[in-house]
Structure formats: structure tokens, C-alpha cells
Amino acid sequence: MKKIFALVIAMLMIVPVIAGCTSKESGLRHVVLNEVTRSVFYAPLYCACGLGYFEDEGIELEIVTGGGSDKSMTALIAGEADFALMGPETGVYVVNEGSKEHPMVIGQLTKRDGSFLIGRDKTDSFSWEDLRGRSVIGGRPGGMPFMTLNYVLKKNGLIPGEDVEVISNVQFNLMAGAFEGGTGDYVTLFEPTATLFERSGNGFIVANIGLESGEVPYTAFMTMPSTIRNDRKLAESFIKAIYRAQRFVETASDEEVAEAMKSFFPDADIETLALVAHSYRETDSWMKTPVMTEDAFNRLQDIMDSNGELSARVPFGELIDNSFAEKAVGEK
């Protein structure tokens, strides 16, 4: 993890931020967002796109899927993206590497882990003790899925690496394929992959990681300090579209949410998307506003610390800039 972020810091020093461009055809400003992965977990983002909220703010948004927080952070720092959606822990790592021009969190999207534990056998009486002596594909060391899984295992009396083998050498976007190919007894997957996996008979959902771990600022929008200094209107417009979508998702039906984001999930039908949206709504996974609280940020660092991944506590204001979120909420 330290080697990865040392490279990121080096890029901070040598790669200029590339400003967004204006689309001659649409008259809108072309803006790139790099997302850590594609998941219904991020439904408010896709609804903002599907319902035209970004266009209403003068933004033509292109979403690129990074396939890992480290990759999304690198894309942001390299100037390949104007914004990035990823775990705030990635920002903590960069701050602790000593960079002064590090990206800032400007809005929170989700407030708990969005992954589900998938087993090979269907069961109506799952216990975390079932994992004792077994193996779980858990994601990348230092990433939130991996750290939250370890946190939940410890909470349930299981020591990662001793009582349970947590497989950490499979790339995030290859975890489902690795499990289907025979690796591991369990795997953690996001939606809609988890539900599609279950429907195909390749595995069965046995537990909700987010409910077990509790509330934590799991994914947030980040941008470079230069955008905050020199292009505040862009950041304001971006977060305003996100907050509008958060309000929509809060009151819309599951089917309406599914319809609004369906173009982002061509392999999933409306019924599946509505089912997944209902699941995330029932587990209170989505933020109602983009404002992050200091208490939530502290819990994030508690989880990092319990995994041995926190070299030093990062002050809230060093990484979080709530000014855009607070303005959006105030203008409701």
C-alpha cells in the first residue's frame, strides 16, 4: 500500500491537473468522473445522470470506472479526471504521505459498506462461526472492503489470518470471476453482481457486511485543491446535482430509482435493479445529504487503525471540505 501511494505522491509533484473542456456540440462542459467501481450502491450518482441533473447544471459528465480506489486516486492526481468517487481512506493515505497538494473530499455518497458475503451453499442459518477454518476473497489490503471485512470478523470473534484466511491477492474487479473459478469458500461482492451471482446459482448471499460493520463514510467525491481554488463554480454545480439526486432517491419508489439508472446496468433487468435498490434503502446505505460529519470520519479512521493501516490521525479539516455540500443543502 505504501509503495502504491508513494507513486501517487510522486505524480502529484510532476503531473499538472487538466481542466475540463466544453463540448462544442452540446454547449455543456465536458467533465470526467472516475468511479472506483460500477455498482447500484452508487445509485444517486447514476440517477443524477439519468434524470439530467448534471446537464441542468451545465455539465456533460463522462464516468470512467477505475477498478480500485488506488486507480481512481491516480487518475484524479494525473489530471485524467476532474472528480473521483472512492473511499475517503485513500485520501487519508495520501495526506499521511506528506503531500500538501492532496485531493479533498467535497461530498459523501454512501454511509456504510455496500458489499455482501457470498457463500457456495445456500443457508437459512448463517453464523460467522461458519467462516472458521475457511477462506474469503476479501479485496485489496488497505482498501475499505478488505478493512471492513476484517473489522467484522474481529467483531465476531474471528482473527483474520488465523481463524479465517482472507485472500488479498485478487484485484477488486476480478473477485467474482475468481470465486466462480473455484478460489475461496466465500467472497464479498457489491450489487448488482451479488444478486446476479445468486440468480445464476454461482453463489448465495449469506450476510450483509454493511449492517455488521455499522455506519462509516464509505464512498465520497474528491477533487484537487486547484479545482477548489480556481473552479469553485464547477465543484458547486457538481455537488448540487448530486444532492438533488440524493433527495430524489430518498422519496422515489424502488422502480423509479431502477428506471433512472438502468442505462448504467445493461446486463440487469428492472426487477433486479429495483430489488437491489430496495436492499440498499432498507439498510440505510445512502446519504441524504453530501455533508460528512466529523464523527463518521473518526469511525473511518478507527477501522483503518484496527487494520494497522493508519500511520497517523488526519484532522477532519485537512481532508474534508464541506463548503460545497453545505451550500447545496442551504440552497434547497
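The values are calculated or read from the model by the stated rules, or taken from the named source; none is laboratory data. None of the values given here were measured: they were computed from a predicted structure. Virtual Cβ from ideal backbone geometry, glycine too; neighbours counted across all protein chains shown.
Couple of notes before you dig in:
- Test result for Pro217, in contact (Cβ under 8 Å) with a residue 60 or more places away in the chain and closer than 19 Å to Thr90 by Cβ: yes
- Exactly one residue out of Tyr218, Tyr243 is under 16 Å from Phe116 (Cβ atoms) and buried (at least 24 other Cβ atoms within 10 Å of the Cβ): that is Tyr218.
- Qualifying residue in the range 201-211 (condition: within 22 Å of Leu51 (Cα to Cα) and among the aliphatic types (A, V, I, L, M)): no
- Residue in the range 249-269 that is modelled with pLDDT under 95 and either touching a Cys at 6+ places or on another chain (Cβ under 7 Å) or aliphatic (A, V, I, L, M) (or both) present: yes
- Matching entry among Leu211, Leu196 (being out of contact with any helix residue (DSSP H, G or I) (no Cβ under 9 Å at 6 or more places or on another chain) and not polar (S, T, N, Q)): Leu211
- One residue from Glu35, Glu25 being acidic (Asp, Glu), in the same structural domain as Gly308 (by TED's automatic domain parsing) and at pLDDT 90 or above: Glu35
- Of everything listed in (1) in a helix (DSSP H, G or I); (2) farther than 23 Å from Leu149 by Cα; (3) in contact (Cβ under 8 Å) with a residue 40 or more places away in the chain, the single unmet condition for Lys288 is (1).
- Qualifying position, being buried (at least 18 other Cβ atoms within 10 Å of the Cβ) and either assigned by TED's automatic domain parsing to the domain that holds Arg38 or over 14 Å from Gly87 (Cβ atoms) (or both), among Leu196, Leu211: Leu196
- Summed over the range 96-105, residues that are under 17 Å from Leu85 (Cβ atoms) and either under 14 Å from the mean Cα position of the chain (by Cα) or among the polar types (S, T, N, Q) (or both) total 1.
- Any hit, the range 228-244, residues being of a type in the set (Gly, Ala, Ser), touching a Ser or Thr at 6+ places or on another chain (Cβ under 8 Å), in a helix (DSSP H, G or I) and within 20 Å of Ala328 (Cβ to Cβ): yes
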